[in-house]
Amino acid sequence: MSPDTLPQTAAAPAAAGPEKTDRAHSRARAARRRKIIVGSARALLLVLVLGLWEVLSRAKVIDTFNFSMPSKIWDQIYTWVTHGTALGSLGEQIWYTLYEALLGWIIGVVAGVVFGIALGRITFLADVLGPYIKVLNSIPRIVLAPIFVIWFGLGPASKVASAVVLVFFPVFFNAFQGAREVDRNLVANARILGASDRRVTLQVVIPSATSWIFTSLHVSFGFALIGAIVGEYIGATKGIGLLVAQSQGTFNAAGVYAAMVILAVVALVAEGLLTFAESRIFRWKPSDSDS
């Protein structure tokens, strides 16, 4: 090898570093650009829909008695924020509903994960309880809300129960499937190293099923809100669901839509928090921008 070729050979790896960095920066810029475009498109779509709704309402094409209009909905939210509702302050109603949904969500998630992992690991238990779970899952769970009101009264317990039954099944089935989809080689290697069933479950199965479980959490919190709202709508002393029921009883369409907007904001904030927590926990997973 001639002396002239040595510097070229040594410089090749050094040149690869900046090139790789440039590609990473280009992907990051493209991801930021796409995020801005998507966000702008979402905002534009919302403005167009609300603007068309407002224009058609003022032109009497849409019946404002039944469908209201964005300006009246905003006025209703502003009134609730500044002067409160007939049930008390708006913040109190939001917190009451959020408390019921959160408590039901936590109980439903814990129960779903425990039963899902247990039945996914223990075949005999899955064979015995499987038909009963399928039957319970086939029952429209919304119709249980009146029964819970009869059982537990108008307090938060009946709304928490409604949230629990809505949250439990999606979390259970995801946890169950996640436990069944664990790499058998990992389990076999753990057993070769002398791991007990408990250690295999805690250190192999549950971490492997975590991504399945987190997928269900995004959907299940919305179900928890639905359970709390339906329970409040049927019978309660306070909460957003009761605001919806009162607005409907007085033919206040703007009040119904205003409560729906508030619920949508709460759900979006919860979704953002779950997404942030998932990104912190699953840092090892490649993002969509990296693919």
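Residues of region 182-209 being surrounded by 16 or more Cβ atoms within 10 Å (Cβ to Cβ) and either in contact with a strand residue (DSSP E or B) (Cβ under 6 Å, 6 or more places away or on another chain) or not small (Gly, Ala, Ser) (or both), which ones? Spell out the reasoning first.
Quick first cut of region 182-209, residues surrounded by 16 or more Cβ atoms within 10 Å (Cβ to Cβ) only: 182, 187, 190, 195, 200-201, 204-206, 208-209.
Result: Val182, Val187, Val200, Thr201, Val204, Val205, Ile206.
Which ranges mark the helices (runs of 4 or more DSSP H) fully within region 11-127 that have 2 or more residues being surrounded by 10 or more Cβ atoms within 10 Å (Cβ to Cβ), under 28 Å from the mean Cα position of the chain (by Cα) and aromatic (Phe, Trp, Tyr)?
Output list reads 70-83, 90-121.
Pairs only if they're at least six apart or on different chains, beta carbon under 6 angstrom, first in region 149-173 and assigned by the TED database to the domain that holds Gly104, second open to solvent by less than 30 Å² (accessible area, probe 1.4 Å) and hydroxyl-bearing (Ser, Thr, Tyr); list them, first residue then second.
Here the result reads Val149/Ser158; Phe152/Ser158; Val167/Ser220; Pro170/Ser216; Pro170/Ser220; Val171/Ser216; Val171/Ser220, each pair linking region 149-173 to a residue that is open to solvent by less than 30 Å² (accessible area, probe 1.4 Å) and hydroxyl-bearing (Ser, Thr, Tyr).
State whether the residues of region 276-288 include one that is assigned to a helix (DSSP H, G or I) and modelled with pLDDT of 80 or more.
yes
Which of the residues belonging to region 223-251 are over 17 Å from Phe173 (Cα atoms), in a helix (DSSP H, G or I) and open to solvent by 20 Å² or more (accessible area, probe 1.4 Å)?
Ile226, Ile229, Val230, Tyr233, Ile234, Leu242, Val244, Ala245, Gln246, Gln248, Gly249
Can you confirm whether region 119-133 contains a residue that is charged (D, E, K, R), touching a residue at least 60 places away in the same chain (Cβ under 8 Å) and over 13 Å from Ile229 (Cα atoms)? Before the answer, list the steps.
Initially, region 119-133 is screened for residues charged (D, E, K, R), giving 121, 127.
Now drop any that are not touching a residue at least 60 places away in the same chain (Cβ under 8 Å), which leaves 121.
Next, from what is left, pick out any that are over 13 Å from Ile229 (Cα atoms): 121.
Checked region 119-133: at least one residue is charged (D, E, K, R), touching a residue at least 60 places away in the same chain (Cβ under 8 Å) and over 13 Å from Ile229 (Cα atoms).
Inspect all residues belonging to region 103-115 and state whether any of them is assigned by the TED database to the domain that holds Val167 and under 21 Å from Leu243 (Cα atoms).
The answer is yes; a qualifying residue exists.
Here is a list: Ala175, Ala157. Which entry is open to solvent by 40 Å² or more (accessible area, probe 1.4 Å), of a type in the set (Gly, Ala, Ser) and either modelled with pLDDT of 85 or more or within 28 Å of Thr97 (Cα to Cα) (or both)?
It is Ala157.
Could you figure out which of (1) closer than 19 Å to Gly91 by Cβ; (2) open to solvent by 60 Å² or more (accessible area, probe 1.4 Å); (3) without any contact (Cβ under 8 Å) to a residue 24 or more places away in the chain isn't true of Ala264?
(2)
Go through Val219, Val244, Val266 for me and flag whichever is within 20 Å of the chain's Cα centre (by Cα) and farther than 21 Å from Phe115 by Cβ.
Values: Val219 fails: farther than 21 Å from Phe115 by Cβ; Val244 fails: within 20 Å of the chain's Cα centre (by Cα).
The conditions single out Val266.
Here is a list: Gly222, Gly194, Gly178. Which entry is within 30 Å of Ser68 (Cβ to Cβ) and in the same structural domain as Val135 (by the TED database)?
Gly222
The values are calculated or read from the model by the stated rules, or taken from the named source; none is laboratory data. None of these values were measured; they are calculated from a predicted model. Quick reminder, even Gly has a Cβ in these numbers, built from the backbone with ideal geometry, and neighbours come from all protein chains shown. Please note that ligands, DNA and RNA were not included when accessible areas were found on the heavy atoms of the full protein model with its side chains. Shrake-Rupley method; radii C 1.70, N 1.55, O 1.52, S 1.80 Å.
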